[in-house]
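Reading through the structure tokens given below for one structure.
We did not get these values from a lab; they are worked out from the coordinates using the rules stated. On a predicted model such as this, the values are computed, not experimentally measured, just so you know. So basically every Cβ, Gly included, is an ideal-geometry build from the backbone, and we count neighbours across all protein chains shown.
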Amino acid sequence: MKFLFASLLAATASAHYTFPALVANGQATSQWQYVRKTTNYQSNGPVTDVTSSQIRCYELSPGTGASGTMEVAAGSSIGFTAQSSISHPGTLQFYMAKVPSGQTAATWDGTGNVWFKIYEQGPTIAAGGLSWPSQGKSQVTVPIPKSLPTGEYLFRVEHIALHSAGSAGGAQFYISCAQIKVTGGGNGSPSPLVSFPGAYNANDPGIKINIYYPVPTSYTPPGPRPWTG
């Protein structure tokens, strides 16, 4: 019985995932070099409480930044590795927040109405069910808007696993935040701005949803619509 219980725990943990490394300039960096170490770096478990401060960056040690800040050009593609892969069905989103004057990406905590979405990815919907483009991926990337102003940012990935999301609190959030410095930017004004926690409610239709039956005829990811620059 003990062996069976241990096996079930191992299987559950292996189905979960982290986003430990930044993908920039066409290459994956070392784990936790530019990405803040997350609470689930060993357990791989998700955040499920959208009112928790962990919904922001899922930090193991709040206020402790990663060792480095990666320089990337506006218009280039950046992203994260998924360890070992995105195993659950669900929506993929990317957010950014500009570091205030006088602070750095390595020290700022990302509080307040400062986050704007730059990408969201929903499912392909068919009569037989939903399919999710990010499921099974070991890397996910997105272009930085070309008009994004130059400066330091927190760059946040969020994958919301929806396989158990039929009741409030059932959605699983897998999150990481990286520290980046954008160069060659423009004069864009990212909007709308939201806070974490605050942007989501446990009963939002993109968070509380049965994705299996009856098969949904539409799906809108939670949060604001993306700013594209």
For this session: Between Asn203 and Gln139, take the C-beta separation as r, use R0 = 30 Å, and let me know the FRET efficiency to the nearest 0.05.
Result: 0.40
Seminar exercise, completed: Taking R0 as 45 Å and r as the Cβ-Cβ distance between Ser164 and Ala73, the FRET efficiency 1/(1 + (r/R0)^6), rounded to the nearest 0.05, comes to 0.70
Seminar exercise, completed: Among (i) 118; (ii) 127; (iii) 141, the value of volume of the Cα convex hull per residue in Å³ computed for this structure carries the label (ii)
Seminar exercise, completed: In debye to the nearest 20, the charge dipole size for the chain, taken about the Cα centre with +1 at each Lys and Arg Cβ and -1 at each Asp and Glu Cβ, equals 120
For this session: Name the residue, out of Thr111, Thr39, Thr18, whose mean-square fluctuation peaks in a Gaussian network model built on the chain with Cα pairs under 10 Å.
Result: Thr111
For this session: Normalising by the residue count of the range 30-110, find the relative contact order in percent from Cα pairs under 8 Å and 6+ residues apart.
Result: 34
Seminar exercise, completed: With -39,500 (n - 2.57) per DSSP H segment of 4 or more residues and division by the full residue count of the chain, the 222 nm estimate, nearest 500 deg cm²/dmol, is -2000 deg cm²/dmol
Problem set entry | Extended-chain gain in nm, criterion 0.36 nm per residue less alpha-carbon gap, Asn210 and Ala28 | 62.1 nm
Problem set entry | Rg [Å, one decimal], Dmax [Å, integer] - the range 42-104, C-alpha atoms | 14.4, 40
For this session: Report the full-extension gain for the segment Ser61 to Ser43: residue separation times 0.36 nm, less the Cα-Cα distance, to one decimal in nm.
Result: 4.9 nm
Problem set entry | Note, ³J(HN,Hα) from phi for the range 50-55, Karplus 6.51, -1.76, 1.60, rounded to Hz, x at Gly and Pro | 6, 8, 7, 5, 5, 5
Exercise. Label points 7 Å out from Cα along the Cβ direction at Ser218 and Ser189: separation in nm?
Worked result: 3.0
Exercise. Which entries of Lys137/Lys181; Lys117/Lys181; Lys37/Lys181; Lys117/Lys146; Lys37/Lys146; Lys117/Lys208 show an alpha-carbon separation above 24 angstrom in the structure shown?
Worked result: Lys137/Lys181; Lys37/Lys146
Exercise. Want the number for Thr228 to Thr150: 0.36 nm per residue separation, take away the alpha-carbon distance, what's left?
Worked result: 26.5 nm
Problem set entry | Most positive-pole-ward Cα, Phe116, Ser61, Gln83, against dipole of the chain from beta carbon charges | Gln83
Seminar exercise, completed: Restricting to Cα pairs under 8 Å and 6 or more apart, the percent relative contact order of the chain works out to 26
Problem set entry | Approximate spin-label separation Thr124-Ser52, in nm, with each point projected 7 Å along Cα-to-Cβ | 3.4
Seminar exercise, completed: With Cα springs under 10 Å, the Gaussian network model of the chain assigns the largest mean-square fluctuation among Gly112, Gly45, Gly90 to Gly112
